[in-house]
Amino acid sequence: MELVKPAFGLIFWMCVSFFTILFILKKFAWPVILKSLDERERSIADALNAAQRAKEEMANLKADNEKLLQEARNQRDLILKEARDAKDSIINDAKTKATEEADRLRRIAREEIQNEKMAAITELKNQVATLSIQIAEKVIRQQLSTDDKQKTLVNDLLKDVKMN
Amino acid sequence: MKSLPIAYLLKISKVNQLFSLLFFILFSTAAYAGGEGHEGHSEAKFDPGKMITDHITDAHDWHLWGEGHSSVSIPLPVIVYSSARGLDVFMSSAFHHGEDVHNGYAIRDKKIIAVNEMSGPAATATEDATVTAGLWDISITKNVVSLFVSMIILLFMFISVAKAYTARKGQAPKGLQSLIEPLVIFVRDDIAKASIGEKKYMKFLPYLLTAFFFIWLNNLLGLVPVFPGGANLTGSISITMTLAVITFILVLINGNKHYWHHIFAMPGVPTWVLFLLTPIEILGVFLRPFVLMIRLFANITAGHIIALSFFSLIFIFGQMSAGAGFGVAIFSIAFTVFMTCLELLVAFLQAYVFTLLSAIYIGAAVEEAHHDTHDHDAKVEEAHII
């Protein structure tokens, strides 16, 4: 049957055409297409890997940041605490010093007052003594102006001595 | 007289050209069947067997429409060579639809034969059997034209796609690239890489890709009913044979020690079994490309025959009465549309199967010894099932 009998002419042209096209495509088309596909696939894979890496780095960075922030926060707290302590100590020192100074001043004042007082008293005593002597002088002069009066006084004095 | 308004109809409605042509053929056949012509009843009678055979076999001219003298066809160059007469090149129109002898050659049963007469009617010419036996016919036949057309399409397609890849480096595919790319990746990953293996597939990939796209494109062109489609190229045994032989040669020259060892002396088999097994294995070596050849040929030819048979029904019933012809035409066209859809699938499937089996056979031939032999056997076994 004609249908299943191979025809020489067709086989001849098939070989010529097929090998020509195979040669041309093998030289000009397939390498370019396959290489481009490979390159694109590789670049996509690379991009995905890079994205994954970037994501991981991001996470690391975020953790680092968090750590840094925590450290900074701790430091701030520490500094604040120190500042507070310093403030407290300064205030306390100032208070103590002020108290001490006040005490010292008060003590000095008191001493001075005491001294002044003593001086005043001494002077007062001297004045009183002087006054007393003057008064006594005047009184004695008055009372002993007569003899009777002098006798009475002697008697009185003697009476006191007796009682003793 | 009837063809005039139909011809007018042909001109005005380009959309329904195919169907108009169909009805034109229907009417003219009916007119012939009515015995109106002077050519006699026997020639006008519709012969579906002849019509189908004419469509699926090769021809020296591209028949468009009409019968006998009134047929319209594109003449194609005839190139014949014989040591006795030398090279002869002329157009097939010189044969006048096969009725005349030209330059000592005539067409009989669609084949070019050498005759003793230099001119005159072909029917009465006497064949020069010795020259005919030594006649090399490398005419540009219908199938060769179709072959050339497909080659030009393939070249244009892939060179432009390759250019697009260079021009749009690293970018997403566009246009024709988008169509080709998934198929190229499919052939590369699912056919070549899967069957031949990561290490050696690159060597065979150009052949597999070219074969895949060649078969697929020609299967599709065969489904196009108008010129330059419609030739039954991949349903032609010469074409499938050439492709199968290329695969066969690739297996032969690339088959390694391991492969031949398995064929001639299957390891792990008792010696007495080898007497049985080795002939079967050797037969298998030839049987595989043979089956490859037959499968593609039969599938595509069958598709053409089925589609043509549905059309033939129209004319067979049309010969009984025009009304019956119209009635059947509705169902025939519906069935043909359905069959063509199926053939679209078959066109891809057969290209895939041919390429896959080629890859599996090559893969078996180049497989390294340390591979799992069960895997290899399973693969070949699977190949036989398909």
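None of the figures in this text is laboratory data; all of them are computed from the coordinates on show. Since we're looking at a predicted model, the values are computed, not measured. Counting neighbours? That spans all protein chains shown, and the Cβs are built from the backbone with ideal geometry, glycine included.
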### Task
Could you please give the count of residues in segment B:123-155 that are in contact with a helix residue (DSSP H, G or I) (Cβ under 6 Å, 6 or more places away or on another chain) and of a type in the set (S, T, N, Q)?
3
### Task
Looking for whichever is under 23 Å from A:F12 (Cβ atoms), in contact (Cβ under 8 Å) with a residue 40 or more places away in the chain, away from chain A (no Cβ under 14 Å) and assigned to a strand (DSSP E or B) here; the options are B:I112, B:I74. Which one fits?
B:I74
### Message
Considering only residues that are in a helix (DSSP H, G or I), under 9 Å from the mean Cα position of the chain (by Cα), of a type in the set (S, T, N, Q) and under 15 Å from A:S17 (Cα atoms), which ones fall in segment B:212-248?
### Response
B:N218, B:S238, B:T240
### Message
Looking at A:R107, A:R40, can you tell me which residue is under 30 Å from B:K193 (Cβ atoms) and in a helix (DSSP H, G or I)?
### Response
A:R40
### Contacts under 9 angstrom Cβ, first residue in segment B:178-207 being away from every other protein chain (no Cβ under 13 Å), partner assigned to a helix (DSSP H, G or I) and among the polar types (S, T, N, Q), 6 or more apart
B:I191/B:T355; B:I191/B:S358; B:S195/B:S358; B:K200/B:N254
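Would you check which residues across segment B:126-157 are part of a loop (DSSP other than H, G, I, E, B) and surrounded by fewer than 16 Cβ atoms within 10 Å (Cβ to Cβ) and list them? Steps first, answer last, please.
Filtering segment B:126-157 down to residues part of a loop (DSSP other than H, G, I, E, B) leaves B:126, B:128, B:134-135, B:138-141.
Matches in segment B:126-157: B:T126, B:G134.
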## Note on the structure
The residue that is nearest to B:S160 (Cα to Cα), considering only those in segment A:1-37 that are touching a strand residue (DSSP E or B) at 6+ places or on another chain (Cβ under 9 Å) and in a helix (DSSP H, G or I), is A:F12
### Query
Do we find that B:I185 is under 23 Å from the mean Cα position of the chain (by Cα) and either under 21 Å from B:S150 (Cα atoms) or not in a loop (DSSP other than H, G, I, E, B) (or both) in this structure?
no
### Query
Is there a residue in segment B:225-245 that is in contact (Cβ under 8 Å) with a residue 24 or more places away in the chain, aromatic (F, W, Y) and crowded, with 19+ Cβ neighbours inside 10 Å?
no
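Of everything in segment A:17-38, what is of a type in the set (D, E, K, R) and either more than 7 Å from every other protein chain (Cβ to nearest Cβ) or touching a residue at least 40 places away in the same chain (Cβ under 8 Å) (or both)? Give them in sequence order. Don't jump to the end; show me each part of the working.
So in segment A:17-38, the residues of a type in the set (D, E, K, R) come out as A:26-27, A:35, A:38.
Matches in segment A:17-38: A:K27, A:K35, A:D38.
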